[in-house]
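*Asks:* First the structure, which I've put down as structure tokens, then a few questions once you've had a look.
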Amino acid sequence: MTYQEAITYILNIPKFTKKNKPEHTRLFLQYLGNPEKKLKVIHVAGTNGKGSVCVYLDAMLRAQGKSVGLFLSPHLVKMNERIVINGEMISDTAFVKIFEKVQKAVGRMEEQDLPHPTFFEYLFGMAVTAFAEEEVEYAVLETGLGGRLDATNSVEHPICSVITSIGFDHTELLGDTLEKIAGEKAGILKAGTPVLFSDGATGSNQVIEKTAEKIGISCKKIGKNAFKSLEIQNKHIAFSCVNAYYEDITWRLYNIGVYQPENAMLALEVMRMLFQEKGALIAWKEALEQVIWQGRMEEVLPGIYIDGAHNLSAVERFAESISKVETGGSAGNIILFSAVQDKDYEQMIACLCNCVNADLYLVTQIMDKRAEDTRKLAEIFRRYTKKPVLEKSTLQDAWNYLSEYREGRTVYCLGSLYLAGMIKAFIKEHLE
């Protein structure tokens, strides 16, 4: 089995299986020898920010001297990005080794007429198997979609549950109100496992709190008054914590997203709960400063930023960030945008036109079967702005235009994680 053969197999999984119930994932884990039971699991769900909270936790746990496995989704460029062990993406060789081990377990399941694991189940099984084989102590698991029915929710005894900010996304699956969506996210709560969550709308807060009360577990809401944003300078955002536990430390993140202190604060409170000691605060501070989170307000080239914002609440936070920071583009801003068909992209576009000071909108198409047509996206932009709107059918064409006509403007690329991944891959192939 070669690495490319393993990748091709995984990518083809959706063609011959369907969504399985959580009971199936638990059975799958049994066939793997229940590797998850060897791990101290921190389980993270939410609409926006869950990946950020996961990478912040990973960095601080390693600064604490712990060995850590990190399971993320989706990947931007390479599938290995989803399985990280002690800060390093799994190698191609290790990927193939774990793939083959999981494949043998799947073969035994199929002999018993059990359904094949889904794409996400398979990768989740690979991740926890890899973590157990490397004997990591902690595993930080990001849910793929929702929470209640997510494959990661098959872990029966996590040491902590975490819920980040809740907004509208995947409404066709999770519900059309914040309360319904919060109910799906709160589905990760379990008896004996404390939960920490980001303060949100009153209705979604109440769903989480009532679920925790019903189960009988500790529930802590981390409000926006728990920290104070100080400044955005030199592509860093600084904040302080209100609680005296954190002393007078100024915390810095290598990111200009105004929403990131909220994510970092949630991660810090998880660490404080797990390790009730002050000796590691400086180590945590230094760890957070060094985190570079791909595809989230990431400066990939001077004056060119990519952001994974792909729903309205994320785009609103993006717009808020841009309104509060000067990133160096003296000639103005350009928005490069694309989206998939099942997103509420009209509201996203309206927000970009109404709330971001841009003088040009560039629409391109992502390489995915769900990609929305550039003409349709451009038409919507023209409903909401009088500024120029240009269509470029490929990323290559869009990049060629930017190279010739950017003229000192700052470029922000958003609307889809697929777009972020395409740009990362394009830069690696053509510009590095």
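*Asks:* If you roll a 1.4 Å probe over the heavy atoms of the protein chains, what accessible area per residue do you get for segment 1-120, in Å²?
*Replies:* 45
*Asks:* Would you mind telling me the antiparallel percentage of the DSSP bridges in the chain, rounded to 5?
*Replies:* 35
*Asks:* Tell me which label goes with the value of mean projected area of the Cα convex hull in nm² computed from the coordinates here: [x] 18.9; [y] 20.3; [z] 25.4.
*Replies:* Correct label is [y].
*Asks:* For segment 1-159, which semi-axes, largest first and in whole Å, follow from the square roots of 5 times the eigenvalues of its Cα gyration tensor?
*Replies:* 23, 17, 15
*Asks:* Another question about this same structure. Given R₀ = 22 Å, what would the calculated FRET efficiency be for Q4 paired with Q112, taking r from the Cβ atoms and rounding to 0.05?
*Replies:* 0.15
*Asks:* For K376, K15, what's the largest-to-smallest order of accessible area, 1.4 Å probe?
*Replies:* So the residues, ranked largest to smallest area, are K15, K376.
*Asks:* May I have the extent of the alpha carbons of segment 1-87 along their three principal axes, as whole Å values ordered from largest to smallest?
*Replies:* 42, 31, 30
*Asks:* Still on this structure, please answer the following. Return the single residue from T93, T129, T152 with maximal mean-square fluctuation; model: Gaussian network over the chain, springs between Cα atoms under 10 Å.
*Replies:* Taking springs between Cα atoms under 10 Å, the residue moving most is T93.
*Asks:* Given the C-alpha centroids of segment 316-382 and segment 159-236, what is the distance between them in whole angstrom?
*Replies:* Using only Cα atoms, the two centres lie 27 Å from each other.
*Asks:* While we're looking at this one, here's another question. If you take the beta carbon distance between E213 and S91 as r and set R0 to 51 Å, what does 1/(1 + (r/R0)^6) give as a FRET efficiency, to the nearest 0.05?
*Replies:* Calculated value: 0.70.
*Asks:* What is the calculated FRET efficiency for R375 to F16, with r their C-beta to C-beta distance and R₀ = 35 Å, to the nearest 0.05?
*Replies:* Approximately 0.55, to the nearest 0.05.
*Asks:* Taking the Cα-to-Cβ direction at Q30 and at Q290 and moving 7 Å from each Cα, how far apart do the two end points lie in nm?
*Replies:* With each label point 7 Å from Cα toward Cβ, the separation is 4.3 nm.
*Asks:* Could you sort S91, S161, S67 by their accessible area in this structure, using a 1.4 Å probe and putting the largest first?
*Replies:* Accessible-area ranking of S91, S161, S67, largest first: S91, S67, S161.
*Asks:* In whole angstrom, note down how far apart the Cα centers of segment 83-137 and segment 280-297 are.
*Replies:* What the calculation gives is 28 Å, centre to centre.
*Asks:* Give the relative contact order (percent, whole number) for the chain; include only Cα pairs under 8 Å separated by 6+ residues.
*Replies:* It comes to 15 percent, rounded to a whole number.
*Asks:* Moving on to the next point. Would you mind listing how long segment 288-369 runs along its three principal axes, going by Cα atoms, in whole Å with the largest first?
*Replies:* 35, 28, 22
*Asks:* log10 I(q)/I(0), Debye, Cα-only segment 102-250, no solvent, q = 0.08, 0.13, 0.15 Å⁻¹?
*Replies:* -0.33, -0.79, -0.97
*Asks:* Taking the full set of protein chains and a 1.4 angstrom probe, give the accessible area of V325 in square angstrom, rounded to the nearest 10.
*Replies:* Number for this one is 20 Å².
*Asks:* Quick one: among D373, D113, D344, which has the greatest mean-square fluctuation in a GNM of the chain with alpha-carbon springs under 10 angstrom?
*Replies:* D113
*Asks:* May I pose another question? Beyond 28 Å, what percent of the Cα pairs of segment 287-432 remain?
*Replies:* So the portion of pairs separated by more than 28 Å is 10 percent.
*Asks:* Compute the distance in nm between two label points, each set 7 Å from the Cα along the Cα-to-Cβ direction, one at S240 and one at E23.
*Replies:* 5.5
*Asks:* For M348, M1, give the ranking by accessible area with the largest first, probe 1.4 Å.
*Replies:* M1, M348
*Asks:* Further question on the same structure: Please enumerate, by chain and number, the lysines with C-alpha under 23 Å from the C-alpha of K235, excluding those fewer than 8 residues away in the same chain.
*Replies:* Candidates past the 8-residue exclusion: K50, K224, K285, K324, K424, K428.
*Asks:* Between G203, G183, G421, which gets the highest mean-square fluctuation from a Gaussian network model of the chain, Cα cutoff 10 Å?
*Replies:* Comparing G203, G183, G421 in the GNM, the peak value goes to G203.
The values are calculated or read from the model by the stated rules, or taken from the named source; none is laboratory data. Worth saying up front: this structure is predicted, and the values here are computed from it rather than measured. No Cβ is skipped: glycine too gets one built from the backbone with ideal geometry, and neighbour counts run over all protein chains shown. These accessible areas exclude ligands, DNA and RNA; they are computed on the full protein's heavy atoms, side chains included. Shrake-Rupley method; radii C 1.70, N 1.55, O 1.52, S 1.80 Å.
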